[in-house]
Amino acid sequence: MDKKLIEEINALAKKKREQGLNKEETQRQQALYKEYLAQFRSQFDKQLDNIDVKTPDGKVIPLKEIGKMNKKEK
């Protein structure tokens, strides 16, 4: 995560609690939240790509493959 992004989010959150935000600051805060969530989701997806599951019969299957198999069963 970008440290400056988090610092700006925290600064706006603190100002919102203490004084309130004007229209431009509220819009900036919302844009920062969207950017933060996009980065978070991207990193989380990359972590999930690196997870393998060992089945009871000893096979090692990537987590994404299990997700695909579950969708086919529904």
Inset, instruction - For segment 26-74, state which GluC sites (Glu not before Pro) are in a DSSP loop and have at most 15 other beta carbons lying within 10 Å of their beta carbon. - result: none
Inset, instruction - Match the structure shown to one of the listed values (1) 57; (2) 27; (3) 34 of percent of Cα pairs over 19 Å apart, computed from it, and give that label. - result: (1)
Inset, instruction - Could you go through segment 38-46 in sequence order and give the Karplus-derived ³J(HN,Hα) for each residue, using 6.51 cos²θ - 1.76 cosθ + 1.60 with θ = phi - 60°, rounded to whole Hz, and x for Gly and Pro? - result: 5, 5, 4, 4, 4, 5, 5, 4, 5
Inset, instruction - Tell me the label-point distance for the pair Lys64, Asn10, using the 7 Å Cα-to-Cβ offset, in nm and rounded to one decimal. - result: 3.4 nm
Inset, instruction - With runs of 4+ DSSP H residues as the only contributors, calculate the mean residue ellipticity of the chain at 222 nm using -39,500 (n - 2.57) per run, divided by the residue total and rounded to the nearest 500. - result: -24500 deg cm²/dmol
Inset, instruction - Over the chain, average the accessible area per residue using a 1.4 Å probe and give it in Å², no decimals. - result: 88 Å²
Inset, instruction - Using DSSP to define loop residues, name the trypsin sites (Lys or Arg not before Pro) in segment 1-65 whose beta-carbon has at most 15 other beta-carbon atoms within 10 Å. - result: Lys59
Inset, instruction - Using a Förster distance of 35 angstrom, determine the FRET efficiency expected from the C-beta separation of Asp52 and Asp2, and round it to 0.05. - result: 0.75
Legend entry - lysines with Cα under 18 Å of Lys64, excluding same-chain neighbours fewer than 8 positions away: Lys46, Lys54, Lys72, Lys74
Inset, instruction - With an 8 Å cut-off on Cα pairs and a minimum separation of 6 or more residues, tell me the relative contact order of the chain in percent. - result: 22 percent
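The values are calculated or read from the model by the stated rules, or taken from the named source; none is laboratory data. Quantities reported herein were computed from a predicted structural model and do not represent experimental measurements. Neighbour counts run over all protein chains shown; Cβ positions are idealised from the backbone, glycine included. Only protein heavy atoms, including side chains, enter the accessible area calculation; ligands, DNA and RNA are left aside. Shrake-Rupley method; radii C 1.70, N 1.55, O 1.52, S 1.80 Å.
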